[in-house]
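Report on the structure given below.
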Amino acid sequence: MNNTAASPMATATSSSGRSAGKSISFAAELQSMMFSLGDARRPLHETAVLVEDVVHTQLINLLQQAAEISQLRGARVISAEDLLFLMRKDKKKLRRLLKYMFFRDYKSKIVKGIDEDDLLEDKLSGSNNANKRQKIAQDFLNSIDQTGELLAMFEDDEIDEVKQERMERAERQTRSMDSAQYAEFCESRQLSFSKKASKFRDWLDCSSMEIKPNVVAMEILAYLAYETVAQLVDLALLVRQDMVTKAGDPFSHAISATFIQYHNSAESTAACGVEAHSDAIQPCHIREAVRRYGHKIGPLSPFTSAYRRNGMAFLAC
């Protein structure tokens, strides 16, 4: 996969080059999503707009690459296989997607009224009649897996450290909430792009594409969009943590100076966020997170080991 996408650093001011999707905005939903992922209770609108531009840019580039792959194999639609192929090199994120596809199948069976005994029997017998998404993934990965690594992920119960960290952060976030705040938080956690499928399809302007994504591919794209938001929040929180001067830390000043230098050259103080002293994630935190994600910035970087890539990388795959 070509891991590079058009840089959202420039895109943030160009509105992703949107045409038909330009009037459609997920900014309000993104503010709620960001709150549920660790941002302040009232995330900044400016930050949500920037996050939306980054996510939109990355998904459009991902769709373009998936369409090229679909065309090469002579297909008429973008399918789950095309997206799985693009994600094959990042085992952790692919494993996360496979679990999502499994739970989507599980949820479908629950909605259809299949009881728990039937679900267990299906799993033990290897029946795939009701495991549409899982079967698609398994059949495709089996066709390209020459080492057994990809198929092994179906049996892998390894703890997802990223998901675990998000859960722990959510637990800490809710400790001081009253009942009204907690209800709002729970409602925010239920938001997703897949719950607004028609709006999401229009946002990506799928109707203008020659090769359009099918239903399962749209489910995966909605999942990847949410994961991109989640990762942006993860990284922005680390950036914000880095910006806090720590007493007795000789590197604190140097890290902050690097950020300030970049911040001053990239945007004005006003563009960084209206509420300069707010606990909310600022646009400059998102910009710096994207910059760090796309570049090698040395062994002292908290991003180096987990997120090192060449060029501007896709956040979700």
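The values are calculated or read from the model by the stated rules, or taken from the named source; none is laboratory data. In this text the structure is predicted, and so the values were computed from the model without any measurement. For neighbour counting, all protein chains shown are included, and Cβ atoms are generated from backbone atoms with ideal geometry for every residue, glycine included. Accessible surface areas use protein heavy atoms only, side chains included; no ligands, DNA or RNA. Shrake-Rupley method; radii C 1.70, N 1.55, O 1.52, S 1.80 Å.
Per-structure values
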item	result
Residues (more than 19 Å from residue 66 (Cα to Cα) and touching a residue at least 12 places away in the same chain (Cβ under 8 Å)) located in the range 198-232	199, 229, 230, 231, 232
Residue 32 being at pLDDT 95 or above, part of a helix (DSSP H, G or I) and either more than 30 Å from residue 184 (Cβ to Cβ) or hydroxyl-bearing (Ser, Thr, Tyr) (or both)	yes
Total residues in the range 204-232, condition surrounded by fewer than 18 Cβ atoms within 10 Å (Cβ to Cβ) and of a type in the set (Ser, Thr, Tyr)	2
Filter result (at pLDDT below 85 and among the aromatic types (Phe, Trp, Tyr)) within the range 117-156	154
Which numbered condition residue 43 fails, given (1) in a helix (DSSP H, G or I); (2) more than 30 Å from residue 209 (Cβ to Cβ)	(1)
Tally of residues being without any contact (Cβ under 8 Å) to a residue 60 or more places away in the chain, touching a helix residue (DSSP H, G or I) at 6+ places or on another chain (Cβ under 8 Å) and open to solvent by less than 50 Å² (accessible area, probe 1.4 Å) across the range 151-189	3
Residue ID - nearest to residue 95 (Cα to Cα), chosen from residues in the range 138-197 that are in a helix (DSSP H, G or I) and of a type in the set (Phe, Trp, Tyr)	140
Looking only at the range 191-203, and only at residues there that are in contact with a helix residue (DSSP H, G or I) (Cβ under 6 Å, 6 or more places away or on another chain) and not hydroxyl-bearing (Ser, Thr, Tyr), the one that is most open to solvent (accessible area, probe 1.4 Å)	191
Residue 110 vs. criteria closer than 25 Å to residue 227 by Cα, within 30 Å of the chain's Cα centre (by Cα), open to solvent by 40 Å² or more (accessible area, probe 1.4 Å) and at pLDDT 85 or above	no
Among (1) within 15 Å of the chain's Cα centre (by Cα); (2) open to solvent by less than 40 Å² (accessible area, probe 1.4 Å); (3) modelled with pLDDT of 90 or more, the one test that residue 24 misses	(1)
